[in-house]
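*Asks:* After the structure tokens below, expect a handful of questions from me.
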Amino acid sequence: MTFPHLKITFLGTGTSTGVPMVACTCEVCTSTDSNDNRLRSSIMIQSASTTIIVDATPDFRYQMLRENIKHIDAILITHSHKDHVAGVDDTRPFQFFSHLPTEIYGNNMSLEGVRNEIPYAFDTTKYPGIPKVNLHEVSLDPFVIGDIPVIPILVWHYKMPVYGFRFGKFTYITDANRIDAKEKEKIVGSEILVLNALRKEPHISHFTLQQAIELVKELKIPRAYFTHISHQLGLHKAVNDLLPGGIQLAYDGLKIEI
Ligand SMILES: [Zn+2]
Ligand SMILES: [Zn+2]
Ligand SMILES: [Zn+2]
């Protein structure tokens, strides 16, 4: 099977609070550079015939409107934190038009997070207009959505198992601060790696900027984009200008092809 050409859109690149953060007056949160405005982290992967969204953020509605999305084939959930599942109810408009449920993929914990997010969707009495979702529990075995093969990668978010996903030569990893050697091997050979890089100071469950840079170098990935960025990282332009060759900060609306 030849791997399809993919278009990738960064729907959001911010940490759980988004940037600007409510009530903050720091230079990043008050910046006039649009690249300093970051919705919660999510990407869209598109082949000619298939559209996949990774994570359903609290900003899902606006992200779909901004990118003018009329149809999605599946949502992959990385983990059950609010900033990655809060948007599942906002998939309802797609269902109004398609008359099909939303197909959601994730590990057991991620799907539990979805059930907790929209418990009324799983009631025995079906209230009219509730979201209709098909939950697909995935292990670390590869699976296929439409014409896009997907390889799950287990990463650690402090003690929480989180899934990264590899699509051909493109790998997306958010909300991690540790990856076991065996899982790192699955990333090797990627041409583009997206990795979370929260801030410069250490954090209990996220890679710092330096740790993310070191991982890109260790795995010898030629191109990398950092995401899930906190206002504490600093101004987009100032930080981006100092990154090593091949590495950039992602920003909302960034589109790449592979
Ligand atoms: Zn997160
Ligand atoms: Zn701030
Ligand atoms: Zn998280």
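*Asks:* Amide H to amide H, which residues 5 or more places from Lys200 or on other chains are under 5 Å from it, using H placed in the peptide plane?
*Replies:* Hits under the 5 Å cutoff: Leu209.
*Asks:* Using +1 at the Cβ of each Lys and Arg and -1 at the Cβ of each Asp and Glu in the chain, identify which of Trp156, Phe10, Pro119 lies farthest towards the dipole's positive end.
*Replies:* Phe10
*Asks:* Using the scaling law 2.2 N^0.38 Å as the reference, what is the normalised Cα Rg of segment 7-257?
*Replies:* On the way: Rg = 17.4 Å, N = 251, 2.2 N^0.38 = 18.0 Å.
Relative to the rule-of-thumb radius for its length, segment 7-257 sits at 0.97.
*Asks:* Now a separate question. If you line up the long axis of helix 209-218 against the longest principal axis of the chain, both from Cα atoms, how many degrees apart are they, to the nearest 10?
*Replies:* Between the helix axis and the principal axis of the chain, the angle is about 90 degrees.
*Asks:* While we're here: Quick check: residue separation of Val188 and Ile151 times 0.36 nm, minus the Cα distance between them. What number comes out in nm? Write out the running numbers ahead of the final one.
*Replies:* Values: separation 37, 0.36 × 37 = 13.32 nm, distance 1.26 nm.
My answer for the length gained is 12.1 nm.
*Asks:* Given charges of +1 on the Cβ of Lys and Arg and -1 on the Cβ of Asp and Glu, with all other atoms neutral, how large is the dipole of segment 7-257 about its Cα centre, in debye to the nearest 20? Please list the in-between numbers first.
*Replies:* Details: 25 positive and 28 negative charges, 31 e Å.
Rounded to the nearest 20 debye, it is 160 debye.
*Asks:* Distance between the C-alpha centers of segment 110-128 and segment 16-58? Whole Å please.
*Replies:* If we compute the Cα centre of each part, the gap is 26 Å.
*Asks:* How far, in degrees from 0 to 90, does helix 108-117 lean away from the longest principal axis of the Cα atoms of the chain, to the nearest 10?
*Replies:* Computed tilt is about 70 degrees.
*Asks:* Still on this structure, please answer the following. Would you mind checking which residues have amide H under 5 Å from Ile153's amide H? H placed 1.01 Å from N; only 5 or more apart, or other chain.
*Replies:* Gly164, Phe165, Arg166
*Asks:* Report, for the chain, the % of DSSP beta bridges that are antiparallel, rounded to 5. Show your work: numbers first, answer last.
*Replies:* On the way: 27 of 51 bridges.
Roughly 55 percent of the beta bridges in the chain run antiparallel, per DSSP.
*Asks:* From the phi of every residue in segment 241-257, what ³J(HN,Hα) in whole Hz does the Karplus formula 6.51 cos²θ - 1.76 cosθ + 1.60 yield, where θ is phi - 60° and glycine or proline is x?
*Replies:* 5, 9, 6, x, x, x, 10, 9, 6, 6, 9, 4, x, 4, 10, 10, 10
*Asks:* Which percent, to the nearest 5, of DSSP beta bridges fully inside segment 81-208 are antiparallel? Intermediate values should be presented prior to the final figure.
*Replies:* Values: 14 of 23 bridges.
Counting DSSP beta bridges with both partners in segment 81-208, the antiparallel share is about 60 percent.
*Asks:* Separation between the Ile258 and Phe96 pseudo-spin-labels, each 7 Å from Cα along Cα→Cβ, expressed in nm?
*Replies:* 3.5
*Asks:* Over segment 7-257, calculate the relative contact order: mean separation of alpha carbon pairs under 8 Å at least 6 apart, over the residue count, as a percent. Intermediate values should be presented prior to the final figure.
*Replies:* Numbers: 556 pairs, mean separation 48.7, N = 251.
Taking the mean separation of contacting Cα pairs over the length of segment 7-257, I get 19 percent.
Every number in this text was worked out from the coordinates using simple rules, so none of it is lab data. The structure displayed is predicted, hence computed values, not measured ones. So basically every Cβ, Gly included, is an ideal-geometry build from the backbone, and we count neighbours across all protein chains shown.
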